[in-house]
């Protein structure tokens, strides 16, 4: 959020000044800010501040990207995959014996769809371990594996695993053909339970309150930034398209603002 605010601040500041020091130059005792090949002389203090502020963007941007990655892979994606997994279940599967088969593939866990090679699947005598890239692994015990079905998808075959695991909503979708070693290993582990005896639909996923609030605020800040870009740049330079862009971003900003206040009101009533 700080990275977004800092960038918007710098961008607005540069738009008001007509350029920035990083695109300008200093000659003798004269200081010029630049933008797209045009230059304007400013006071030395203004030039120095613009330079420092511009450099700060190169610091806050990488930190913002890192923070966003931590938010996505540490909280958002795992929350859409179901409850936080139990590490003890994963250990019990891994310690049940050596791998029977393993593969790196794609699949769908809960509401998160992953393409090759973002999902690692390993089958052990005690069950199967699913390791999404940069996220905690999840386990399905052998006794929790129910029916296994096959689906024909566009340019690929998919394997559906119906299960009773508390770590993974049922069914799990793996992009594997029928003759893959992992597929054969899973068929040997299955209990033979009919798919109708286990959950056939994704369990409803509820994000933690703090995470939902953070996403709402982040969406509000982003939409406000786009509205500012529309007013300061898109409308003057793109005409009708700029007006349409700004109107659309304004609608998103209003929607996110309502979501923030609606959650705050709900939290107050709960308290």
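We did not get these values from a lab; they are worked out from the coordinates using the rules stated. Computed from a prediction, not measured in an experiment: that's the story for all the values here. Cβ coordinates were reconstructed from backbone atoms using ideal geometry, including for glycine residues, and neighbour counts include every protein chain displayed.
Given the criterion touching a residue at least 12 places away in the same chain (Cβ under 8 Å), surrounded by 17 or more Cβ atoms within 10 Å (Cβ to Cβ) and in contact with a helix residue (DSSP H, G or I) (Cβ under 8 Å, 6 or more places away or on another chain), identify the matching residue among 77, 10.
Numbers: 77 fails: in contact with a helix residue (DSSP H, G or I) (Cβ under 8 Å, 6 or more places away or on another chain).
Matching residue, one of 77, 10: 10.
Tell me which of these residue 103 doesn't satisfy, since it passes every other one: (1) touching a residue at least 60 places away in the same chain (Cβ under 8 Å); (2) assigned to a helix (DSSP H, G or I).
(2)
If I filter segment 160-177 for residues that are in contact with a helix residue (DSSP H, G or I) (Cβ under 7 Å, 6 or more places away or on another chain), touching a residue at least 40 places away in the same chain (Cβ under 8 Å), over 29 Å from residue 69 (Cβ atoms) and in a strand (DSSP E or B), do I get at least one hit?
no
If the requirement is being in a loop (DSSP other than H, G, I, E, B), in contact (Cβ under 8 Å) with a residue 24 or more places away in the chain and surrounded by 14 or more Cβ atoms within 10 Å (Cβ to Cβ), which of these qualifies: 83, 98? Working first, answer last.
Details: 98 fails: surrounded by 14 or more Cβ atoms within 10 Å (Cβ to Cβ).
Answer to the check: 83.
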